[in-house]
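Take a look at the structure set out below.
The values are calculated or read from the model by the stated rules, or taken from the named source; none is laboratory data. All values derive from a computational prediction rather than experimental measurement. We place every Cβ from the backbone using ideal geometry, glycine too, and count neighbours over all the protein chains shown. Note: areas computed on protein heavy atoms with side chains; ligands, DNA, RNA excluded. Shrake-Rupley method; radii C 1.70, N 1.55, O 1.52, S 1.80 Å.
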Amino acid sequence: MTPLDWLVLLGTAALIIGRGLWVTRRNTHTAEAYLRGDTSQSWVTVGLAVMATQASAITFLSVPGQAYEDGMRFLQVYFGMPLAMIVVSVFLVPVYYRLKVYTAYEVLEARFGVGARVLGASLFLLQRGLAAGITLYAPAIILTALLGWPLESTVWGIGGAVILYTVSGGAAAVAQTQKHQMVVMLLGVAVAAVVVVWRLPESVGVGDALTLAGTFGRLDAIRWEFNLADRYNVWSGVLGGFFLSLSYFGTDQSQVGRYLGGRSLTESRLGLLFNGVVKIPMQAAILLVGVLVFVFYLFEPPPLHFNQALLRQAEATAAAPELAGLQQRWQDQRALLRHDAQAVVAAAQGGTLAELQAAQRQLLADQQLAEQTRRTAKLVIAKALPGRETKDSDYIFLSFVQRWLPPGLVGLLVAVILFAAMSSIAGELSALGTTTTLDLWKRLRRQEPDQRQLLFASRAFTVLWGGVAVAFASVASLLDNLIQAVNILGSLFYGTVLGLFLAAFFVARISGKAVVPAALTAQVTVIALYLTTDIGFLWYNLIGCALVLALALLLTLAIEPRRDPAA
Amino acid sequence: MSQPLAKATPTDASLDPPPLLGSWPRVYAWVLISQFLVAAALWALARVYGAPQ
């Protein structure tokens with residue numbers, strides 16, 4: 001990065017964090033203000049904070065890489081979200097407001113007793129505590145590999161800054177910083193889209209780029225085939241995605257905490273619905289940037305492996321001659337692909353349909369050969385460096401940014417990734433601290449704490465969870481694809497938590513005595529299914545939820561049979 | 001221990017959407033319609049620039 005990039009990165013970060021702390025400096029004198037914010041936020045702040053909490057760095061690193069390799073079908077994960085936002089707005093948010101809760105899990109106590117509240121809060125803490133570590137680790141490892149930053153310092157730098165402003169300014173500072181961080185993120189996506197189109201050869205227009213992307217099926221965002229093992233199709237997206245979103249936005253404190261800071265029920269609802277409208281187009285835009293990067297690399301040869309640091313390490317082993325041969329083959333194949341792509345563009349601009357189809361078939365055939373070379377290179381690297389992760393899709397986008405964006409904009413895009421990481425971690429830490437304080441520490445101790453004790457405990461637990469996240473990030477190893485790892489982790493627990501909430505809100509017959517054992521059994525079953533079957537992860541949201549409801553109902557009928565009114 | 005939850009009252013004035021948006025059911029309908037339009041646009045994009053058969 002150039003000095004200009006550093007200026008953009010550090011200047012934007014200092015401005016946003018400084019402003020967030022300044023405008024919320026009076027909001028942390030009481031525990032209530034610290035935990036819930038000043039409850040004066042407009043729907044714009046609520047909406048952007050909700051969006052920023054969900055959009056982690058993984059969104060900006062993995063999603064374009066996923067589109068580069070697999071096209072736009074990942075978008076289907078979000079198809080259930082708009083409907084879920086409506087359900088949350090209609091049924092859950094009004095009850096949270098009416099009961100004046102700080103955390104979602106208080107509702108479980110109001111309905112079922114303290115056991116259900118502690119269970120719901122504990123499941124949240126377990127999965128969100130782990131997820132916070134991954135949220136921090138994911139960008140750190142990639143920034144380390146591509147920009148040469150030391151891993152430990154990067155983890156501590158991001159984690160330390162987030163802990164500082166979350167602990168100093170509480171929920172209000174989190175929302176204020178998230179609002180501006182999200183604006184920078186949206187700006188960054190727009191800039192990346194413009195630059196990638198600008199970097200295409202002069203003879204290639206946007207329509208030609210889309211024709212090239214379409215040749216590889218990269219624009220197919222919707223798949224209709226029903227397949228339980230397929231992670232992304234319209235059915236798993238609408239059904240599984242609906243339950244995932246319902247659980248995430250309706251019961252996950254990192255989101256509930258965001259919209260309970262709204263000025264009124266209306267502002268909170270509008271903030272959520274804003275996300276229901278904007279999320280799919282925004283994700284589509286990010287995926288499209290990844291697809292355009294793929295098209296761009298048809299004309300400019302991409303590296304044989306996007307994790308260049310790993311490739312260099314492998315080249316320093318006995319595998320060097322084999323890798324040199326693959327590099328040579330790769331260069332030749334990419335030259336051929338460039339020629340093929342130009343032929344497709346020429347046919348699209350002035351040829352017949354038959355000529356276009358013939359050129360597209362040639363391009364596809366040559367691309368398959370080049371892909372084979374890339375796969376072989378990964379195998380060679382894996383053999384040369386046993387135990388190292390050779391999947392490089394998470395490195396594609398930042399590697400493009402680093403190589404092809406002008407000075408200043410590289411700093412902006414790195415800021416986007418750092419802000420995305422910080423905004424989601426801040427939301428998570430704030431929620432983890434609040435839930436631990438209120439649902440466990442305050443609820444389970446004998447004496448009611450005073451305001452000072454409550455404020456101190458909230459800050460202490462936030463720092464503690466920040467420390468856990470930093471420690472976890474420092475020892476984590478790269479998992480499959482990062483975004484999937486977080487989603488899978490969430491999906492294993494979300495179904496059970498959602499089951500608890502749906503039972504509380506909608507099934508009056510279920511008793512408090514039945515719901516806790518039912519939820520525990522459902523959770524164990526979901527984990528067992530995950531370990532022994534290959535069901536697509538989105539389905540676990542539905543399975544876990546259905547199991548809780550069914551088991552709780554059966555157990556209620558067994559232990560509390562309906563009394564005959566005539567008896 | 002099991003208790004029914006407090007119900008939100010739909011007549012509560014704070015539940016009204018801003019006048020510009022009309023009623024809540026209309027707001028919800030537009031949220032869904034907008035997403036169908038987005039999905040249709042993406043489907044059309046893939047059809048227009050689709051792969052060779």
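In table form, for the structure just shown:
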read-out: Number of the condition not met by residue A:261 [criteria: (1) crowded, with 21+ Cβ neighbours inside 10 Å; (2) within 12 Å of chain B (Cβ to nearest Cβ)]; value: (2)
read-out: Selection count, region B:1-37, where residues are more than 8 Å from chain A (Cβ to nearest Cβ), in a loop (DSSP other than H, G, I, E, B), modelled with pLDDT of 55 or more and loosely packed, with under 11 Cβ neighbours inside 10 Å; value: 1
read-out: Output for region A:9-47, where each listed residue is open to solvent by 40 Å² or more (accessible area, probe 1.4 Å) and farther than 30 Å from residue A:453 by Cβ; value: A:10, A:14, A:15, A:19, A:43, A:44
read-out: Condition check for residue A:153: assigned to a helix (DSSP H, G or I) and free of Cβ contacts under 8 Å to residues at least 60 places away in the same chain; value: yes
read-out: Of all residues making up region A:180-213, the number that are within 14 Å of chain B (Cβ to nearest Cβ) and crowded, with 20+ Cβ neighbours inside 10 Å; value: 7
read-out: Scan of region A:268-278 for residues that are touching a Gly at 6+ places or on another chain (Cβ under 9 Å) and open to solvent by 10 Å² or more (accessible area, probe 1.4 Å), ordered by number; value: A:269, A:270, A:274, A:278
read-out: Residues located in region A:48-61, provided they are assigned to a helix (DSSP H, G or I) and either open to solvent by 10 Å² or more (accessible area, probe 1.4 Å) or over 17 Å from residue A:221 (Cβ atoms) (or both); value: A:48, A:49, A:50, A:51, A:52, A:53, A:54, A:57, A:58, A:60, A:61
read-out: Which listed residue, of A:281, A:301, is open to solvent by 10 Å² or more (accessible area, probe 1.4 Å) and either small (Gly, Ala, Ser) or assigned by TED's automatic domain parsing to the domain that holds residue A:213 (or both); value: A:281
read-out: Condition met for residue A:440 (part of a helix (DSSP H, G or I) and either open to solvent by 10 Å² or more (accessible area, probe 1.4 Å) or not assigned by TED's automatic domain parsing to the domain that holds residue A:259 (or both)); value: yes
read-out: Condition met for residue A:171 (open to solvent by less than 10 Å² (accessible area, probe 1.4 Å), touching a residue at least 40 places away in the same chain (Cβ under 8 Å), more than 16 Å from residue A:77 (Cα to Cα) and touching an Asp or Glu at 6+ places or on another chain (Cβ under 9 Å)); value: yes
read-out: Meets criteria (free of Cβ contacts under 8 Å to residues at least 12 places away in the same chain, assigned to a helix (DSSP H, G or I) and surrounded by fewer than 24 Cβ atoms within 10 Å (Cβ to Cβ)) for residue A:358; value: yes
read-out: Which numbered condition residue A:102 misses (of (1) part of a helix (DSSP H, G or I); (2) touching a residue at least 60 places away in the same chain (Cβ under 8 Å)); value: (1)
read-out: Output for region A:67-96, where each listed residue is under 29 Å from residue A:443 (Cβ atoms), surrounded by fewer than 21 Cβ atoms within 10 Å (Cβ to Cβ) and within 8 Å of chain B (Cβ to nearest Cβ); value: A:90, A:95
